[in-house]
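Asker: My questions will all concern the structure given below.
Values in this text are rule-based calculations from the coordinates and carry no lab data. The structure presented is a predicted model; accordingly, all values stated were derived computationally and were not measured. For neighbour counting, all protein chains shown are included, and Cβ atoms are generated from backbone atoms with ideal geometry for every residue, glycine included.
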Amino acid sequence: MSVDESKIMAARLTIFEAVQDMLAGRLSYIEGARKICPVRFSWGLDEWDADLRCFIGIDSETDALPFGEMRAQWQAAALEALQPEIDKKEGLGSSICRASLPQPGRALFERPN
């Protein structure tokens, strides 16, 4: 397997696992979008790939919201104040992805490399 092929396979795996975890409720749609968006280029996908558009939108609309390790750098009061917005964006992200992709990400995995 060449270096490029290994990067493509790693990107596909990251996207596949993120989609599966979102659908199973183990990963928020915001966190999933943040995992998916950076690796799409390693796969060689277009910046506005139709199958990833909902995740690109979520990432863009929530880039100022603290998630993951970033939350440790925020004050508890600030996190508490942002929680309603985070919940709203998470619900919207879930709705958009489920509506635009009846089986989110499925078409991606049916593509050839």
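Asker: Going by average Cβ density within 10 Å per residue, which order do the peptides 79-87, 11-19 take, highest to lowest? All intermediate terms of the calculation are to be shown ahead of the outcome.
Answerer: On the way: 79-87: 12.1, 11-19: 18.6.
Descending mean neighbour count gives 11-19, 79-87.
Asker: Could you give the nm distance between label points at Arg53 and Glu69, where each point is 7 Å from its Cα heading toward the beta carbon?
Answerer: It is 3.4 nm.
Asker: Here is a follow-up. Normalising by the residue count of the stretch 3-109, find the relative contact order in percent from Cα pairs under 8 Å and 6+ residues apart.
Answerer: Contact order relative to length: 31 percent.
Asker: Here's something else I'd like to know. Suppose every K and R has +1 on its Cβ and every D and E has -1 on its Cβ; what is the size of the dipole of the stretch 3-109 about the Cα centre, in Debye to the nearest 20?
Answerer: 240 debye
Asker: Let me see the P(r) profile for the stretch 3-109: every Cα-Cα distance counted, bins of 10 Å, each bin given as a percent of all pairs.
Answerer: With a bin width of 10 Å, the distribution comes to 15, 46, 29, 10, 1.
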